[in-house]
Amino acid sequence: MFYKSTRGNENLVTASEAIIRGIAEDGGLFVPELFPKIDKTFDELKNLNYKELAFYVLSKYFDDFSAEELKACIEGAYDEKFEDPAIAPLKYSAGAYFLELFHGKTLAFKDMALSILPYLVKIAAKRLDINKEIVILTATSGDTGKAALEGFAKVKGTKIVVFYPKEGVSEIQKRQMITQEGENTFVVGIEGNFDDAQNGVKTIFGDSDFNKLLDENGYMLSSANSINIGRLIPQIVYYVYAYVTLLKDEKVKAGEKINVVVPTGNFGNILAAFYAKNMGLPIDKLICASNENKVLTDFINTGVYDKNRDFVITNSPSMDILISSNLERFLYEISGKNSDFINELMEQLRTEGRYEINSEMKERLEELYGGFATEEETIEAIKEVYASSKYVLDTHTAVAYNVFRKYVSTTKDDAVTVIASTASPFKFPRSVNEALSFEDSKASDFEMVEKLSKEFNIRIPKGIDNLESKPIIHTTTCDKENMKNVIEEFLKL
Ligand SMILES: *Cc1c(COP(=O)(O)O)cnc(C)c1O
């Protein structure tokens, strides 16, 4: 299995190379040359547990790892850190199956991939005989940052730098990051939004002088964002797992198609579902749910991607994004792997903030359904699901639920539906409070967590227990223009 750049100007690389480099030199994203097929029957696969299934899927993509190495990565990643032994339990509520992806350390789905990425990076570095210290550079809309910090903290031979938008993350998200322990971790708040952070990071990756300077000082950059194939591929596993769980529980017959709803920001999580579909997983519609930053909804409905609009800070902050990086990988596939056209589109995005795809590609958009939820609708969805089934959603999952309802009411499609449940309600207690009014709104997020636990009789996840009393370690902030300087300071260049 080899990987190539969506922009076409690079030779084929191995999985190890794609993981270490994060992004291709021509600015493109690494994509698998072709999609490996699921070559066992679902009846065989349904007897595998999460780790076994992960091995089955990952070995098809990371074929330059030995079986032993890959097994060690999987064992290290999906252990008792996950508070649910199923790793990704599937729960039925209010008309859909919620695939709970938030039982890892940081209470959001990013743990699913970021708990394995450091292991993959270490083995990939060994395979490539890299003797440099690897600097993981990451922009976060709130959840990636903490999950990456947890994954890489204290990992020998690595350092990790996280940039988060100072005013764009929840109190809990921020506190999780700035209390991070580990000599090799650096956390910086930037004056700007997530797109600014992400653009800054991308620019640094593409800055050849800076990369040379790093190289001379014994460092090399890599990425923990979902532009890294090492993050994307592990996310395929839980869609396959959801399907075989449905099969095992006799909710679908082997081969019966399901719909999948994904609350989307950077288009990574839903892209993993698209990859699963291309491997042969029976998925019919991929339902892409956005918040008021509905650039993807508009794109899916018109074929025009236009980021020239106001950036809205919403109650689902991890989806407050106007430039969905991973969409490039999707465009690549639906253009028939036409790198020249992808280059054109990305150049238009860079210069005009907008592009339009051609008519053949528009036809392929049929596979997707795009919808969005306002903040009020998000709160309404939390209320509705709690009232009907005593199940508490976080705001991101609530966006997905609202769009699922809109989809069903316009199409009358009654296929079995899996909703990717991307965060624990404990991570966004203020909004959950607003929906279910269990606490005085002047209380802090931490008080609300306590109350949420008592009121709804759910145990506080370990990841945020005692968070408030942890010492604050990271206080650096910077302008978006100064991100490089901050890195220079950390690394003493
Ligand atoms: C990151 C995140 C999303 C968006 O996922 P993408 O892969 O960026 O589309 C949705 N919900 C939560 C809770 C997240 O942390």
(Q) Go through (1) more than 16 Å from the ligand (Cβ to nearest atom); (2) touching a helix residue (DSSP H, G or I) at 6+ places or on another chain (Cβ under 9 Å); (3) modelled with pLDDT of 95 or more; (4) of a type in the set (Val, Ile, Thr) for THR422 and report which single condition fails. (A) (1)
Q. Of the numbered conditions (1) away from the ligand (no atom under 16 Å from the Cβ); (2) in contact with a helix residue (DSSP H, G or I) (Cβ under 8 Å, 6 or more places away or on another chain); (3) among the acidic types (Asp, Glu), ASP143 satisfies every one except a single condition; which is it?
A. (1)
Q | In the stretch 345-400, residue surrounded by the fewest Cβ atoms within 10 Å (Cβ to Cβ) [restricted to those that are closer than 30 Å to GLU100 by Cβ and of a type in the set (Lys, Arg)] | A | LYS390
(Q) So for the stretch 372-389 (the condition being out of contact with any helix residue (DSSP H, G or I) (no Cβ under 6 Å at 6 or more places or on another chain), at pLDDT 95 or above, within 16 Å of the ligand (Cβ to nearest atom) and aromatic (Phe, Trp, Tyr)), does at least one residue qualify? (A) no
Q. Within the set of pairs 6+ apart or on separate chains, which have a first residue in the stretch 270-284 that is away from the ligand (no atom under 16 Å from the Cβ), a second that is among the acidic types (Asp, Glu) and modelled with pLDDT of 95 or more, and C-beta atoms under 7 Å apart?
A. PRO282/GLU256
Q) Can you tell me which residue in the stretch 285-306 is farthest from LYS37 (Cα to Cα), limited to those that are within 15 Å of the ligand (Cβ to nearest atom) and assigned to a loop (DSSP other than H, G, I, E, B)? A) GLU292
Q) Could you count how many residues in the stretch 235-269 are of a type outside the set (A, V, I, L, M, F, W, C) and either away from the ligand (no atom under 11 Å from the Cβ) or on the phi > 0 side of the Ramachandran plot (or both)? A) 14
Q: With a cut-off of at least 2 residues that are within 30 Å of PRO429 (Cα to Cα), name the helices (runs of 4 or more DSSP H) lying wholly within the stretch 150-225.
A: 171-178, 194-206
Q) Filter the stretch 78-118 for residues that are of a type in the set (D, E, K, R), within 14 Å of the ligand (Cβ to nearest atom) and surrounded by fewer than 23 Cβ atoms within 10 Å (Cβ to Cβ); which is modelled with the highest pLDDT? A) GLU100
Q: For residues that are of a type outside the set (D, E, K, R) and touching a residue at least 40 places away in the same chain (Cβ under 8 Å), scanning just the stretch 453-467, find the one that is surrounded by the most Cβ atoms within 10 Å (Cβ to Cβ).
A: GLY463
Q: Kindly indicate whether VAL408 is surrounded by fewer than 24 Cβ atoms within 10 Å (Cβ to Cβ), within 26 Å of VAL252 (Cα to Cα) and among the hydrophobic types (A, V, I, L, M, F, W, C).
A: yes
Q) Would you pick out the residues in the stretch 37-67 that are among the basic types (Lys, Arg) and part of a helix (DSSP H, G or I)? A) LYS51, LYS60
Q: Mind counting the residues in the stretch 257-272 that are in contact with a helix residue (DSSP H, G or I) (Cβ under 7 Å, 6 or more places away or on another chain), not in a strand (DSSP E or B) and not small (Gly, Ala, Ser)?
A: 4
Q: Return a yes/no flag: does the stretch 55-66 have any residue that is touching a Pro at 6+ places or on another chain (Cβ under 7 Å), surrounded by fewer than 21 Cβ atoms within 10 Å (Cβ to Cβ) and over 17 Å from GLU150 (Cβ atoms).
A: yes
Q: Tally the residues that are of a type in the set (D, E, K, R) and buried (at least 24 other Cβ atoms within 10 Å of the Cβ), restricting the search to the stretch 130-149.
A: 2
Q | Out of LEU232, LEU214, sole residue that is out of contact with any Lys or Arg (no Cβ under 6 Å at 6 or more places or on another chain), within 16 Å of the ligand (Cβ to nearest atom) and in contact (Cβ under 8 Å) with a residue 12 or more places away in the chain | A | LEU232
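The values are calculated or read from the model by the stated rules, or taken from the named source; none is laboratory data. Please read these numbers as outputs of a predicted model, since none were measured by experiment. Every residue, glycine among them, receives a Cβ derived from its backbone with ideal geometry; neighbour counts consider all protein chains shown.
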